[in-house]
1. Take L115 and tell me if it is more than 25 Å from K135 (Cα to Cα), of a type in the set (A, V, I, L, M, F, W, C) and within 12 Å of the chain's Cα centre (by Cα).
2. Mind checking which residues of segment 181-194 are in a helix (DSSP H, G or I) and not small (G, A, S)?
3. State the number of residues belonging to segment 137-194 that are touching a residue at least 24 places away in the same chain (Cβ under 8 Å), of a type in the set (S, T, Y) and closer than 27 Å to N73 by Cα.
4. Would you check if G118 is under 19 Å from N65 (Cα atoms) and either surrounded by fewer than 24 Cβ atoms within 10 Å (Cβ to Cβ) or of a type in the set (D, E) (or both)?
5. With segment 82-180 as the region, which helices (runs of 4 or more DSSP H) entirely inside it contain at least 3 residues that are among the acidic types (D, E)?
6. Tell me whether segment 27-44 contains one or more residues that are more than 30 Å from L151 (Cβ to Cβ) and either out of contact with any Cys (no Cβ under 7 Å at 6 or more places or on another chain) or of a type in the set (D, E) (or both).
7. Only one of these is over 17 Å from E42 (Cα atoms) and at pLDDT 95 or above: I190, I128. Name it.
Amino acid sequence: MKKFSFRGWVVSALMGAVGFVLMVLEFGIPVVPSFIKFDVSELPALIASFAYGPLYGVLVCLVKNVLHLFITNTAGVGELANFLMGIFFVVPAGLIYQANKNRSGALWGSLVGALSMGVSSVVINFFISYPIYYKIMIPKEVILSAYQAILPQVSSIFESLLIFNLPFTAIKGMVVSLICFLVYKKLSPILKRS
């Protein structure tokens with residue numbers, strides 16, 4: 001693993017700001033409840049993780065979520081969940097890529113990271129985010145009914161998370177990975193310039 005560099009810190013802070021802007025540009029998808037939004041704000045974190053190492057990717061996730069706290073409508077709960085899921089994405093991706101710095105390493109790292117983020121979305125929402133929401137914002141029944149409005153057969157929050165959140169989040173990670181594949185090679189010389 002690489003040691004911290006001043007350039008890495010600066011680039012991560014800038015990438016965190018870009019991630020914040022991308023987070024603000026979120027939009028809904030008809031096949032999931034309206035409170036689940038799609039954005040590509042993990043893209044700068046994945047790029048930083050590949051360019052400098054996974055800890056820089058985590059730093060980008062932290063910066064974008066701290067900035068988003070100033071405009072939050074989730075009392076910080078959404079930002080906490082986004083930060084944790086981002087870690088589950090960029091750390092495995094970055095570690096695998098750092099061990100095998102080629103297209104194959106980037107591909108496998110991105111896939112493992114996307115799947116890890118998808119699985120983590122179930123665990124984080126079930127054990128952290130939703131229980132906090134139940135206590136301070138939205139009753140459990142209201143959240144479950146939002147899922148049931150799309151698929152009436154779902155009978156529990158856990159089942160809803162497995163059916164909706166896991167694939168949605170994994171696909172989101174794969175879309176971010178695809179965009180990263182399209183832009184990383186062009187950005188890499190700029191990011192790594194000494």
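The values are calculated or read from the model by the stated rules, or taken from the named source; none is laboratory data. Fair warning: this is a prediction, and the values are worked out from it, not measured in the lab. Heads up, the Cβs are rebuilt from the backbone with ideal geometry, glycines too, and the neighbour counts pull from every protein chain shown.
1. The answer is yes for L115.
2. F181, L182, V183, Y184, K185, K186, L187, P189, I190, L191, K192
3. 2
4. Yes.
5. Hits in segment 82-180: none.
6. yes
7. From the options I190, I128, the qualifying one is I128.
For every residue, the table says whether it meets (1) within 20 Å of the chain's Cα centre (by Cα); (2) over 30 Å from K185 (Cα atoms); (3) among the small types (G, A, S).
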site	(1), (2), (3)
A93	yes, no, yes
K101	no, no, no
Y134	no, yes, no
Y147	no, yes, no
Q153	no, yes, no
